[in-house]
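Participant: I'd like to ask you about the structure that follows.
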Amino acid sequence: MVKILAACGAGVNSSHQIKNAIEEEMKSRGHNDVTVDAVMIKDVNKDMLDKYDIFAQIAKSDFSFEVPIPVVDAGPILYRIPAMAKPVYDEIEKIINK
């Protein structure tokens, strides 16, 4: 199981759009073992991130700690422009395949 964390300001809209988009795209690419959780950015801490394989941030985040997992800037997925979203999906898939 590959676990991805998506976080946005309220943990409701953008992060859930990212969650759904990543899960659907990874399934279409044959990665049926990918799950994404959506949370509020203020709730993200190192202990939480230690439970995930990838952090899909919507906006560049500045934490008071070093993020211990690969970070993917997933914001372009929200534009719903395939040419902008594809590099994000490709980066996620590249990390998954490692």
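The values are calculated or read from the model by the stated rules, or taken from the named source; none is laboratory data. Note that this is a predicted model, so its numbers are computed, not measured. Cβ: placed from backbone, ideal geometry, glycine included. Neighbour counts: every protein chain shown. In case anyone asks, the SASA skips ligands and DNA or RNA and just uses the protein heavy atoms, side chains included. Shrake-Rupley method; radii C 1.70, N 1.55, O 1.52, S 1.80 Å.
Participant: Between 0 and 90 degrees, rounded to the nearest ten: what's the tilt of helix 14-28 against the longest Cα principal axis of the chain?
Facilitator: Value to nearest ten degrees: 40.
Participant: Still on this structure: Looking at 68, 52, 85, which one has the Cα that reaches farthest to the positive end of the dipole of the chain (charges on Cβ: Lys, Arg +1; Asp, Glu -1)?
Facilitator: So the residue furthest toward the plus end is 85.
Participant: For the chain, which whole percent of the accessible surface, found with a 1.4 angstrom probe, sits on carbon and sulfur atoms? Present the calculation step by step, with values, prior to reporting the outcome.
Facilitator: Values: 2840 of 5620 Å².
In the chain, the share of accessible area belonging to carbon and sulfur is 51 percent.
Participant: Right, something else. Run the numbers on the chain and let me know its relative contact order in percent, using alpha-carbon pairs under 8 Å that are six or more apart.
Facilitator: Relative CO of the chain lands at 30 percent.
Participant: Continuing with the same structure: How large is the accessible surface per residue of the chain, computed with a 1.4 Å probe and reported in Å² as a whole number?
Facilitator: Using a 1.4 Å probe on heavy atoms only, each residue of the chain averages 57 Å².
Participant: Return the sequence-ordered ³J(HN,Hα) values of segment 36-51 in whole Hz as given by the Karplus equation 6.51 cos²θ - 1.76 cosθ + 1.60 applied to θ = phi - 60°, using x for Gly and Pro.
Facilitator: 10, 10, 10, 9, 7, 4, 5, 8, 6, 9, 4, 4, 5, 5, 4, 8
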